[in-house]
Amino acid sequence: MDTLEQLAVPLLEWFRDNARPLPWRDDPTPYHVWLSEIMLQQTRVAAVLDYYNRFLRQAPDIPALAALPEERLMKLWQGLGYYSRARNLQRAAKIIVEEYGGAFPSDYAAVRALPGVGDYTAGAVCSIALGQAVPAVDGNVLRVYARLCGDGGDISTPQMKKRVAQAVAQVIPVGAPGAFNQALMELGATVCLPNGAPLCERCPGRSLCAALAHGRTGELPVKAPKKPRRVEERTVWLIFWENRAALRRRPGRGLLAGLWEFPSEPGDGPLPPQWGVEALSQQYAGQARHIFTHIEWHMTLRTVEAGSDALPEGWVWAGRAQLEEKYALPSAFEGALRAVNERLNGGT
């Protein structure tokens, strides 16, 4: 019996007693599990809870998600980041409505084929919501496996992920695939921690763990260092006219595609004359910074008092109520939004 198989029984017992109460665990329908897993990509559980509940109030089922206006979808997602997740979620919902009558597909291959669904998400939904004995290998599972089995493979490589998925698939309890997968993930999230020392004294697999036995918990898992982020200097223009601020949509492709922004440009140059904005005055308004996966924005904020309501085609004027309720601005502009809200005095 290998190490991972020996872990199964104590792990399930540990999970029964220590699982965090989460809303998608209370009612693990395919839609609920799918939505939660998409939201949890690159995002902490604590940050997702309010978004999850608010999202379900607006889109309680798959047909409602498919019918949601894009502007509303983006507003519900505002602050979660990685907005392509929301677009893929709705694309998949429309496919489910059109091809499956609104019922989530039960076949793993069909689930895996949905936009935005990879091996991990398909495995999570199929095991947790549909009771299928398929693996769901995320970063938490990779870390638990590497330490438990003393595996020094690079967890960022496809080869390592495939090896772990095959190992997990061989030991999934037939009667509890969802609980087993969730237990592995929960162990990694709450005990076999990614940053800082793991809480080995709390682990149900401490007597089996190769990393603990050989003093290698700080060495494992192995992961190739990330390439340094590219730093980009930008100027963000906070253009005001009669208690409103100017917004424009970003291009339909690339970073923050299709989202609203306070007009911004690379560098630290003057207000672009091609915008045709009549500037009565311009003033420095502070600095802001935002870190993406591969790039870091260092932003200079500048306020502009406009002399008229003339804006380039497709731009809009937005008051505080519209900024709060209608237009979705990515968190990259959080510092700029604070500065705008301090200036606006409740215009609508």
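The values are calculated or read from the model by the stated rules, or taken from the named source; none is laboratory data. For clarity, every value in this text was computed on a predicted model and none was experimentally measured. Don't worry about glycine lacking a Cβ; one is built from the backbone with ideal geometry, like all the others, and counts go over all protein chains shown. These accessible areas exclude ligands, DNA and RNA; they are computed on the full protein's heavy atoms, side chains included. Shrake-Rupley method; radii C 1.70, N 1.55, O 1.52, S 1.80 Å.
Residues in the stretch 330-346 that are farther than 12 Å from Ala288 by Cβ and open to solvent by 10 Å² or more (accessible area, probe 1.4 Å): Asn341, Glu342, Arg343, Asn345, Gly346.
Take the stretch 156-179 and flag every residue that is among the β-branched types (Val, Ile, Thr) and either open to solvent by 20 Å² or more (accessible area, probe 1.4 Å) or more than 15 Å from Asp119 (Cβ to Cβ) (or both). Explain how you work it out, then say what you get.
So in the stretch 156-179, the residues among the β-branched types (Val, Ile, Thr) come out as 157, 164, 168, 171-172, 174.
Thr157, Val171, Val174, listed by residue number.
Annotation: Ala183 fulfils all but one of (1) more than 15 Å from Arg143 (Cβ to Cβ); (2) under 24 Å from the mean Cα position of the chain (by Cα); the unmet one is (1). Of all residues in the stretch 1-13, those that are among the β-branched types (Val, Ile, Thr) have Cβ atoms under 6 Å from Cβ atoms of residues that are open to solvent by 40 Å² or more (accessible area, probe 1.4 Å) and assigned to a helix (DSSP H, G or I), 6 or more apart or on another chain, in Thr3/Cys149. Within the stretch 230-287, the set of residues being within 18 Å of Pro312 (Cβ to Cβ) and among the small types (Gly, Ala, Ser) comprises Ala245, Ala246, Gly252, Gly258, Ser264, Gly269, Gly276, Ala279.
The C-beta contact set for the stretch 47-72 (first residue under 15 Å from Ala92 (Cα atoms), second residue of a type in the set (Phe, Trp, Tyr), distance under 6 angstrom, 6+ apart or interchain) comprises Ile62/Tyr31. If you filter the stretch 96-112 down to residues that are part of a helix (DSSP H, G or I) and open to solvent by less than 50 Å² (accessible area, probe 1.4 Å), you find that the one that is nearest to Leu130 (Cα to Cα) is Val111. Scanning the stretch 254-285 for residues that are open to solvent by 70 Å² or more (accessible area, probe 1.4 Å) and either closer than 16 Å to Leu311 by Cα or of a type in the set (D, E, K, R) (or both) yields a total of 5.
Any residue at all in the stretch 73-84 that is open to solvent by 60 Å² or more (accessible area, probe 1.4 Å), within 20 Å of the chain's Cα centre (by Cα) and at pLDDT below 95? The answer is yes, given that some residue of the stretch 73-84 is open to solvent by 60 Å² or more (accessible area, probe 1.4 Å), within 20 Å of the chain's Cα centre (by Cα) and at pLDDT below 95. Every test in (1) among the aromatic types (Phe, Trp, Tyr); (2) out of contact with any Pro (no Cβ under 8 Å at 6 or more places or on another chain); (3) open to solvent by 10 Å² or more (accessible area, probe 1.4 Å); (4) modelled with pLDDT of 95 or more is passed by Phe292 save one, and that test is (4).
Here Thr3 meets the list (1) in contact with a Pro (Cβ under 9 Å, 6 or more places away or on another chain); (2) hydroxyl-bearing (Ser, Thr, Tyr); (3) closer than 30 Å to Leu148 by Cα almost entirely, failing just condition (1). Determine, yes or no, whether Arg250 is of a type in the set (D, E, K, R) and at pLDDT below 95. In short, yes. Scanning the stretch 119-155 for residues that are of a type in the set (Gly, Ala, Ser), free of Cβ contacts under 8 Å to residues at least 60 places away in the same chain and open to solvent by less than 10 Å² (accessible area, probe 1.4 Å) returns Ala122, Gly123, Ser127, Ala136.
Is it true that some residue in the stretch 262-285 is hydrophobic (A, V, I, L, M, F, W, C), in contact (Cβ under 8 Å) with a residue 60 or more places away in the chain, closer than 30 Å to Thr43 by Cα and out of contact with any helix residue (DSSP H, G or I) (no Cβ under 9 Å at 6 or more places or on another chain)? First the steps, then the outcome.
Here is the first cut: in the stretch 262-285, the residues hydrophobic (A, V, I, L, M, F, W, C) are 262, 271, 275, 277, 279-280, 285.
Cutting the leftovers down to in contact (Cβ under 8 Å) with a residue 60 or more places away in the chain gives us 262.
Keeping just the survivors that are closer than 30 Å to Thr43 by Cα gives 262.
Now narrow it down to the ones that are out of contact with any helix residue (DSSP H, G or I) (no Cβ under 9 Å at 6 or more places or on another chain): none.
Among the residues of the stretch 262-285, not one is hydrophobic (A, V, I, L, M, F, W, C), in contact (Cβ under 8 Å) with a residue 60 or more places away in the chain, closer than 30 Å to Thr43 by Cα and out of contact with any helix residue (DSSP H, G or I) (no Cβ under 9 Å at 6 or more places or on another chain), which makes the answer no.
In this structure, is Tyr51 aromatic (Phe, Trp, Tyr), under 30 Å from Ala176 (Cα atoms) and surrounded by fewer than 20 Cβ atoms within 10 Å (Cβ to Cβ)? In short, yes. Against the definition (on the phi < 0 side of the Ramachandran plot, touching a Cys at 6+ places or on another chain (Cβ under 9 Å) and in contact (Cβ under 8 Å) with a residue 40 or more places away in the chain), how does Ala176 come out, yes or no? The answer is no for Ala176.
For the stretch 135-245, which fully contained helices (runs of 4 or more DSSP H) count at least 2 residues that are under 30 Å from Glu334 (Cβ atoms) and modelled with pLDDT of 95 or more? Working first, answer last.
Values: elements: 139-149, 158-171, 177-190, 210-213.
Counting at least 2 such residues, we get 139-149, 177-190.
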